[in-house]
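Take a look at the structure below.
Please treat every number below as a calculation from the coordinates, not as lab data. What you see is a predicted model; the values in this text were computed from it and never measured. Here the Cβ positions follow ideal geometry from the backbone for every residue, glycine too, while neighbour counts run over all protein chains shown.
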Amino acid sequence: MEKAILKTLAYADIFDYPLNTYELHKWLIGKKLTLRQVEKALKKLYQVSGIKYKGEYYFLPRRNKLTAKRRRREKQSAIYFRKAKILSQALKLIPWIKLVGVSGALAVGNAGKSDDIDLLIITSKNRLWISRLLALGLLSLIGRRRKVGEKGRKIAGKLCINILLEEDRLEQQSKDIFVAHEVLQMKVLWQRDGVYSKYLEDNEWAFKFLPNWIGVMVARRGAKKRSHGRDLLTCENFVEDRYLQSLRKSAQNLQHFLTARDFATLIVNYLEDFAKRWQLKIMKQPQGMERIEDGALYFHPNDCRLKILSKYKLKVRDL
C-alpha cells in the first residue's frame, strides 16, 4: 500500500500537483484499495517516510510551496473551464461531432495563466477530416483558436484541438501510466449518444494502472446497456420469418438507394475525402507526438510523454 501511495505522489509531483486523501485514492497507481486503507497507510507514511502534509494536501519532501501554487492554478482553471464550456457550444453546429472534452492540465484544475485549452474531439465514423476543418473554422471565426506557431501570452486561454478520434477508433495504442491518466482525466464538455461510455469501455486497459478510478462503473454500465440492446434486437430478428425479413431488407435497400438522404451521404463522403486531401497537403511533416492515423489525429509537437515517463521512473527509484 505504501509503495503505491509513494508512486502516486511521485507522479503528481512531476506536475507540481499535491494531492488530498480523496485524490490519492482515486489516482492510486496499480493498487485497488478502499479510502479507509489509503488513510491508514498515509498516517504510517507521514510518520516514517518523510512525506509532508499541509492544509489538506500531501506532497514529497521540500515541496511545501506546491499547495499555494495549486490554489492559484485552481482559480485560473475555473475561469478557463467556464470559457471552454461556453465556447465549445459553437461546435454543436457540426452534426458529426459527438463529444468535446478538455484534456491536459486544465482537466485536473492545474492550468496556469499562460496555458492554452486542450480539446479532445470524437466524431462520427468517416467524418473526422470534415469535422476538423469546420471546427477550426468556427474557432477562428470567434477568435479563440490557437494557431500554429503561436507561443507565450498569445496562446493564453485559446482553444487547441489536440486529439480527434472517430467513434470506432477510440482505443489508445500507447498503454502506460501517462496515457492512462490522459484518458481518465479528460472532462466532457458535452456529448451525444452516450459516446463517453464507449470511450471508457474501449480504453478499459487504463483501469489496470488506475484501478480505483470511479469511472470504471460508468463504462461497465454503458457496456451493459449496449449489450442488452443487441440481445433484444437479436431476439426480435429471430422471431421474424426469414423470407419476409429478406424481402423487407431488399425493399429497404432499394428505398435507401433512391432517397435524398443517401444522395446527401454521397456528397458528404466526397467532402470528407476532399477535406482530408486538402488538409494533408497543407500540413507539415508530423513531429514529436504528432501522429496521423486512420480515424485518429494527435497534435502534440513536444514529446512530453517520454520525458514524463523517464522522470517518473527516476523519482520512483529515488524513493
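Structural remarks
- For region 1-74 versus region 167-208, the gap between their alpha-carbon centres in whole angstrom: 24 Å
- Furthest towards positive pole of dipole, 87, 47, 76, structure part region 42-97, Cβ charges: 47
- Neighbour-count ranking [beta-carbon atoms within 10 angstrom, fewest first] of 265, 8: 265, 8
- Furthest towards positive pole of dipole, 160, 190, 128, structure part region 115-197, Cβ charges: 160
- Charge context of residue 270, other residues only, Cβ under 14 angstrom, K/R +1, D/E -1: 0
- Backbone amide hydrogens, once placed in the peptide plane, bring residue 20 within less than 5 Å of 58, excluding anything fewer than 5 places away on its chain.
- Overall form of region 15-79: oblate. Here a/c, set by the Cα gyration tensor axes a ≥ b ≥ c, is 1.5 or more, and a/b is not larger than b/c.
- Long-range HN-HN contacts of residue 162 with modeled amide H, under 5 Å: 119
- Under the Karplus curve 6.51 cos²θ - 1.76 cosθ + 1.60, θ = phi - 60°, whole-Hz ³J(HN,Hα) for region 45-61, x wherever Gly or Pro sits: 4, 4, 7, 10, 10, x, 5, 10, 9, 8, x, 10, 10, 9, 7, 6, x
- Charge dipole magnitude, Cβ of K and R +1, D and E -1 - region 2-64, Cα centre, debye nearest 20: 240 debye
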